[in-house]
1. How many of the residues making up the stretch 68-79 are farther than 19 Å from Arg29 by Cα and exposed (fewer than 10 other Cβ atoms within 10 Å of the Cβ)?
2. Working carefully through the options Arg70, Arg35, Arg58, Arg45, find the one that is in contact with an Asp or Glu (Cβ under 9 Å, 6 or more places away or on another chain) and assigned by TED's automatic domain parsing to the domain that holds Ala23.
3. Out of (1) at pLDDT 75 or above; (2) closer than 23 Å to Gln33 by Cα; (3) assigned to a helix (DSSP H, G or I), what's the single condition that is false for Pro64?
4. Among (1) within 16 Å of the ligand (Cβ to nearest atom); (2) out of contact with any His (no Cβ under 7 Å at 6 or more places or on another chain), which single condition is Leu8 missing?
5. Within the stretch 96-120, take every residue that is among the acidic types (Asp, Glu) and more than 15 Å from Asp65 (Cα to Cα) and give me the one that is surrounded by the fewest Cβ atoms within 10 Å (Cβ to Cβ).
6. Condition (residue is closer than 30 Å to Trp11 by Cβ and either outside the structural domain of Arg29 (by TED's automatic domain parsing) or without any contact (Cβ under 8 Å) to a residue 40 or more places away in the chain (or both)) applied to the stretch 100-113: is it met by at least one residue?
7. Which residues, counting only those in the stretch 86-102, are closer than 17 Å to Leu28 by Cα, more than 9 Å from the ligand (Cβ to nearest atom) and at pLDDT 85 or above?
Amino acid sequence: MHWSEQELLNWLDERLPADQMAALETQLRVDSQLRRQVSLLMQIRDQGGHSAGEIWQRAGLSCPDRTILRQFLQQTINPDYSEYIRFHLTTVGCRNCQANLVDLQANDNDASNIQRRQRLHQVSSQLLPDQH
Ligand SMILES: [Zn+2]
């Protein structure tokens with residue numbers, strides 16, 4: 001279904017009839033083209049008190065949980081969904097998820113650093129003579 005710019009603006013202002021709102025929001029979840037179109041509109045118009053986050057949340061385009069974010073980091077997630085998460089993080093600019101992602105990244109680094117240190121320690125204690 002094709003939406004006119006005016007209809008999309010009406011959606012942002014919650015001025016579309018309820019059945020059309022629902023239809024648009026369903027389509028937003030699966031249609032990356034439409035998501036780009038709406039983000040563009042949001043950028044060029046005054047948002048009238050609605051933050052981008054509120055608007056996307058209303059559309060059910062809400063935050064992925066940490067498990068999903070971790071899969072996104074490890075690139076084990078399905079490509080369609082990964083596109084959506086990138087959209088959520090960069091276009092929507094969700095602070096909450098950005099913070100979560102940074103946190104997950106830091107944890108991952110810690111975990112691999114500890115593993116590396118443990119391995120190094122093992123190797124060096126096998127190679128070096130005991131110095132008691
Ligand atoms: Zn989020």
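The values are calculated or read from the model by the stated rules, or taken from the named source; none is laboratory data. Predicted model only: the values in this text are computed from it and were never measured. Neighbour counts run over all protein chains shown; Cβ positions are idealised from the backbone, glycine included.
1. The initial filter retains those residues of the stretch 68-79 that are farther than 19 Å from Arg29 by Cα, namely 70-71, 73-76.
Going one step further and asking which of them are exposed (fewer than 10 other Cβ atoms within 10 Å of the Cβ), we end up with 75-76.
Adding up the residues that qualify gives 2.
2. Working: Arg70 fails: assigned by TED's automatic domain parsing to the domain that holds Ala23; Arg35 fails: in contact with an Asp or Glu (Cβ under 9 Å, 6 or more places away or on another chain); Arg45 fails: in contact with an Asp or Glu (Cβ under 9 Å, 6 or more places away or on another chain).
Every option except Arg58 fails the conditions.
3. Evaluating Pro64 over (1) at pLDDT 75 or above; (2) closer than 23 Å to Gln33 by Cα; (3) assigned to a helix (DSSP H, G or I) leaves (3) as the failure.
4. (1)
5. Looking only at the stretch 96-120, we keep the residues that are among the acidic types (Asp, Glu), and these are 103, 108, 110.
Narrowing further to those that are more than 15 Å from Asp65 (Cα to Cα): 108, 110.
Working: Asp108: 13, Asp110: 10.
Ranking the qualifying residues of the stretch 96-120, first place goes to Asp110.
6. Step one: list which residues in the stretch 100-113 are closer than 30 Å to Trp11 by Cβ, which gives 100-101.
Narrowing further to those that are either outside the structural domain of Arg29 (by TED's automatic domain parsing) or without any contact (Cβ under 8 Å) to a residue 40 or more places away in the chain (or both): 100-101.
Within the stretch 100-113 (the criterion being closer than 30 Å to Trp11 by Cβ and either outside the structural domain of Arg29 (by TED's automatic domain parsing) or without any contact (Cβ under 8 Å) to a residue 40 or more places away in the chain (or both)), the answer is yes, since at least one residue qualifies.
7. Arg86
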